[in-house]
Amino acid sequence: KQKTEKKKVLLMGRSGAGKSSMRSIIFSNYVAKDVRRLPTTIGVESSTFKFLGNLMLNIWDCGGQGAYVESYLHDSAERTKVFSGVGVLIYVFDVESREFDTEDRNARDLVTYSAIVKALAENSPQARVFALVHKMDLVQTDFREQVLKDKSSAIRQRSGTFQRTIRTYGTSIWDQTLYKAWGMIVHSLIPNLDVIEGILSDLVGITEAEEIILFERTTFLTVTSVKSEIGERNPYEDRFERLSNIIKTFKSSISTFTGSSTSSHQFGELYIKTTRFNLIVAMLTTNTYALIVLPPGEVELQCTRLNLFIARDQFV
Ligand code: GTP
């Protein structure tokens, strides 16, 4: 049994950087086109999400309005409240911001960021920091790699004690980069991942599965995956993010169709049979879904469904 572990995740960045849109996409069944309707966040909104049973992710969406940033950085009680007990800080930079000049040490975005990581280092030195250079879709494709490299290196230099451990990602709500970055974040938060992976490897061994991908139930972020030798040959490296996105949209569309509440709507099992493959998406634990890719054939499909059913018992 996993022990109850409460972790706080801070989601920060200046106003308009894209935090609310991001959070809505990752933590509810919003699709990208619905996001513009969200109102501006004033102050701190704290919401708690349950992940994988015992893991609590507490998301603080800090408005980023100048005055508020001042108060949570300079008022010592506020500062302690916001920055203590933090497992992860996710800091969102708007790639288009005029106040993020990589050559200028006084650029406001970087000054605020370094004040924030300093407060974090004092109150939660063990925290992990992820910086997202967001809205990458606004940068021309040819320049994206270089822009990300320059911004990442400027961010790293201003990361204080987190300089060596910080991870940076380029993201956009319009493609799977957002899922990839958040998938890495979630991955870093999950305890007992090796135990889960062991059970999935056994499942790959006893079934004909080419690959099993484990998704978190609410967000459909990829938690982990195991592959057979055949699965290793799959050349599509972004398939997890694509699948995650497709299933999430599917989930959202069935809930629109049935009229149920979007975030709570769940399905038990889904399978697709084609002449080239079988695909099963089924609940594995109360908090995860397994997606299994199999060779074609009715027997393979039914055997794997049975084995999946048996595997479920090991998780409870
Ligand atoms: P506050 O609530 O004021 O703190 O801002 P925020 O950081 O939460 O930003 P919000 O999510 O409200 O997004 C601001 C604007 O950026 C909205 O118009 C979004 O549609 C847009 N936006 C968010 N993410 C992206 C992205 O990846 N690409 C593009 N092009 N626009 C984005």
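Peptide packing: for 141-153, 280-292, 221-233, the average count of neighbouring Cβ atoms within 10 Å per residue gives the ranking 280-292, 221-233, 141-153, highest mean first.
In terms of packing, defined here as the mean over residues of other Cβ atoms within 10 angstrom, the peptides 160-171, 79-90 line up highest first as 79-90, 160-171. Its Cα gyration tensor gives the range 132-178 an equivalent ellipsoid, and the semi-axes of that ellipsoid, as √(5λ) in whole Å with the largest first, are 21, 12, 7. Ranked by the mean number of other Cβ atoms within 10 Å of their residues, highest first, the peptides 180-188, 128-136 come out as 128-136, 180-188.
Distance from the alpha carbon centroid of the range 166-243 to that of the range 297-316 works out to 20 angstrom.
The loop-placed GluC sites (Glu not before Pro) in the range 172-221, going by DSSP, include none that has at most 15 neighbouring Cβ atoms within 10 Å of its Cβ.
In this label model, residue 98 and residue 167 are separated by 3.5 nm, measuring between points 7 Å along each Cα→Cβ vector.
The string of couplings for the range 288-302 from the Karplus curve (6.51, -1.76, 1.60, θ = phi - 60°) is 9, 10, 9, 10, 10, 9, 10, x, x, x, 5, 5, 4, 4, 5 Hz, one whole number per residue in order, with x for Gly and Pro.
The convex hull defined by the C-alpha atoms of the range 70-227 has an orientation-averaged projected area of 11.5 nm². Taking amide H as placed 1.01 Å from N in the peptide plane, residue 89 has its amide H under 5 Å from the amide H of 10, 128, 129, 130, each at least 5 places away in sequence or on another chain. In this structure, residue 153 and residue 279 have a Cβ-Cβ separation that, at R0 = 41 Å, corresponds to a calculated FRET efficiency of about 0.50.
Every number here is computed from the coordinates shown, using simple stated rules; none is lab data. As the structure is a computational prediction, the values presented were derived from the model and not from experiment. So basically every Cβ, Gly included, is an ideal-geometry build from the backbone, and we count neighbours across all protein chains shown.
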